[in-house]
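None of the figures in this text is laboratory data; all of them are computed from the coordinates on show. The structure presented is a predicted model; accordingly, all values stated were derived computationally and were not measured. Note that we place each Cβ from the backbone using ideal geometry, even for glycine, and neighbour counts take in every protein chain shown.
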Amino acid sequence: MLDAIHPNVLALCCAALIAFARVSQRYAIPRMKMHTANLVMACVTTTLGWFFYWMEGPLGRIPYQGVFWFMAMGFFGSFLGRYINFVAIRYTGLARAAVVSQTVLVWASLLAVFVLGESMSFQKAGGILGVMCGASLLVYNPKGDIGRRIPLHYYVIPMVSALMYAFAHLVGKFAFEWISSSAFGMAVANTTSLTLLLGTMPFAQSQGDPGKNGDRKGFFVLLLGAALQGCGIFFFWSSVKLGEITRVIPLTRLSVLLIIFLSWLLFRQQENVTWRVVVGALIALLGAFAIVTGS
């Protein structure tokens, strides 16, 4: 459906859609129970995946190997990576977990180079590190966890989460070798993660959830954010299918920059643009430019 668009453009569109989705979710999720919000988002993204597949039309042949890799993509990314990230936030705090999670750029690039055989130049490597460092500056909040002493080994948790997401990107590439449909892949992956989420719901416990399931406005904003996220996922996997992981993944991380800008624009009393944000934005943009122009 999107094969005529350049993968770098798809990655940037994905970043924009995810940024709008995150800002919407920022408003809605505090007004709802965490597991209810996760379930709603999983249902919407799964439904959109099958809708995009219906729009593309049925596949003539569906090898079981491709279905298996797409299921693994959903297991490593949408389910396991997200779950471990929640655990990381609990043990290390949101700011620290967000910074360490930026290492997904390193893990994904290493797997792409040594497993998939993608090329790596000094310019591209410098661009990847630039985006990672810039994004880390953007999400780091030095006042977020004052008074907490975090044991060093706790930082392994967000790093493992980043590694799981990198594995999801890798197996996604394997899956596209068998079934060249990002819509079908998104549908199968999200169906897998939704099934696993439903299976773990009876054992899930959340701390700090609001007493009610949330107000009606928050629910509709969450639906909007989930729809935007579903479209962003479709753009993301389309860009992964057509492009190189070493280019696509760093470009999608520019969503962090857009989230900061949109949050400041909509929540000015809560978000401040500091020198750290400006420097991080410049470094991330320079890194993205190096990736796009590098060989």
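Computed values, structure above
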| quantity | calculated |
| --- | --- |
| Gain on full stretching of the segment that runs from V292 to V278 - 0.36 nm per residue minus C-alpha separation | 2.9 nm |
| Order of M55, M201, M164 - criterion: other Cβ atoms within 10 Å of each residue's Cβ, fewest first | M55, M201, M164 |
| Fewest-first sequence of R216, R90, R247, R82 by Cβ atoms within 10 Å of each Cβ | R216, R90, R82, R247 |
| Ascending count of other beta-carbon atoms within 10 Å, so fewest first, for V188, V171 | V171, V188 |
| Cα→Cβ-extended label distance, 7 Å offset, between T195 and E177, nm | 2.4 |
| Distance-filtered residues of segment 232-263 - backbone nitrogen under 15 Å, label point 7 angstrom along F68 Cα→Cβ | none |
| Per-pair calculated FRET efficiency, R0 = 25 Å: L110 and V156 via Cβ, rounded to 0.05 | 0.90 |
| Estimated FRET transfer efficiency (L285, L265; beta-carbon r; R0 22 Å; 0.05) | 0.80 |
| FRET efficiency for A4 and R90, using Cβ-Cβ distance with R0 set to 35 Å, rounded to 0.05 | 0.20 |
